[in-house]
1. TRP91 is checked against (1) more than 30 Å from LEU141 (Cα to Cα); (2) in contact (Cβ under 8 Å) with a residue 60 or more places away in the chain and fails just one. What number does that condition carry?
2. Yes or no: ALA110 closer than 25 Å to PHE262 by Cβ, in the same structural domain as ARG150 (by TED's automatic domain parsing) and either exposed (fewer than 15 other Cβ atoms within 10 Å of the Cβ) or in contact with a helix residue (DSSP H, G or I) (Cβ under 8 Å, 6 or more places away or on another chain) (or both)?
3. Mind counting the residues in region 162-205 that are polar (S, T, N, Q), touching a helix residue (DSSP H, G or I) at 6+ places or on another chain (Cβ under 7 Å), over 30 Å from ASP275 (Cα atoms) and not in a loop (DSSP other than H, G, I, E, B)?
4. Please state which one of ALA86, ALA53, ALA62 is surrounded by fewer than 20 Cβ atoms within 10 Å (Cβ to Cβ), within 30 Å of PRO19 (Cβ to Cβ), in contact (Cβ under 8 Å) with a residue 24 or more places away in the chain and out of contact with any Leu (no Cβ under 8 Å at 6 or more places or on another chain).
5. Conditions: (1) closer than 15 Å to GLY10 by Cβ; (2) more than 20 Å from the chain's Cα centre (by Cα). ASN123 meets all but one. Number of the miss?
6. Between VAL282, VAL244, which is β-branched (Val, Ile, Thr) and at pLDDT below 95?
7. Kindly indicate whether any position in region 143-163 is in contact (Cβ under 8 Å) with a residue 24 or more places away in the chain, surrounded by 17 or more Cβ atoms within 10 Å (Cβ to Cβ) and charged (D, E, K, R).
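The values are calculated or read from the model by the stated rules, or taken from the named source; none is laboratory data. Computed from a prediction, not measured in an experiment: that's the story for all the values here. No Cβ is skipped: glycine too gets one built from the backbone with ideal geometry, and neighbour counts run over all protein chains shown.
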Amino acid sequence: MKPPLRQGIGARPIRVSEPGIARDLVTAFVPASPSEVGAAFVRGDIVWADGVAVEPHEYVQAGDVLWAFAAAPDEPEEPIRLEVVAQTDRWMVVDKPHGMATMPRGSHVASTVTVAARRQFGNDEIVAAHRLDGPTAGLILLTLGERWRRPYQMMFERRAVIKTYLAVANDSLAGFRRVELCLAKERGSLQTRVVAGEPNSITDISLVESHDGLGLYRIHPLTGRTHQIRVTMAHLGAPIMGDVLYPWAVAESDFEDNADGFPLQLLAAELTFIDPVDGHQVTMMSRRVLASWQ
């Protein structure tokens, strides 16, 4: 059992291993000054699983679990408004901007699609059915109730969703090609690497248009490895424009200059699937355009 969310954000557990006074246990678990911990109790940020505030001098037993709410490190100055592409009573699809994480984690909490949607639509049961990289813009399917999470998340896990991306890179990859690679991401590393071994990723790539040395590509990932499209394009010699993790510019100076420049030119442009609940075919398209291809 967990306490209700606050402003779309959950609390983290503090598991008590030894009995003692609540304030002392919280201070040991959350490194902070005594005044900060005291203020957290005053605000009612330390609660039991039922949401009732814990008193600072309350005695707690070993095995108890307290829950701590913390201020979001990325609280926006103005409410975030997500664009809805399609919606039913079970799910909605929103058009995510570049630079926005899908789910709350670490320093990305309030300014994520999940929390922003919970706040915008007043529904704490909203969760994302799949993940989309923060730098990538485009379509994300959100489920609107706990009962709908599993069927739609499983749809993505089974690769039953056709996902189409658009990307801008140099135009060296003419025509159509299916690329099979072995990809690996080591713990602690931000990058996925191409390694020797049995292929575990499949990506279909087609050059749609080209001009002035740049190409617009339509890309279908048939598997779901981390950064699959980005690392595959870079491996083929056509890194995606604006990608600072798999640099689209070879020169070190260009890599540094682009760090705060225009966003990654990768868009989750289309989703197609058979709805696992009503059996209807659904196709949705992003309304966004890539800045470098307008």
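1. Checking TRP91 against (1) more than 30 Å from LEU141 (Cα to Cα); (2) in contact (Cβ under 8 Å) with a residue 60 or more places away in the chain, the one that fails is (1).
2. Judged against the criteria, ALA110 is a match.
3. Of the residues in region 162-205, 0 are polar (S, T, N, Q), touching a helix residue (DSSP H, G or I) at 6+ places or on another chain (Cβ under 7 Å), over 30 Å from ASP275 (Cα atoms) and not in a loop (DSSP other than H, G, I, E, B).
4. Of ALA86, ALA53, ALA62, the one residue that is surrounded by fewer than 20 Cβ atoms within 10 Å (Cβ to Cβ), within 30 Å of PRO19 (Cβ to Cβ), in contact (Cβ under 8 Å) with a residue 24 or more places away in the chain and out of contact with any Leu (no Cβ under 8 Å at 6 or more places or on another chain) is ALA62.
5. (2)
6. VAL244
7. Yes, that holds for at least one residue.
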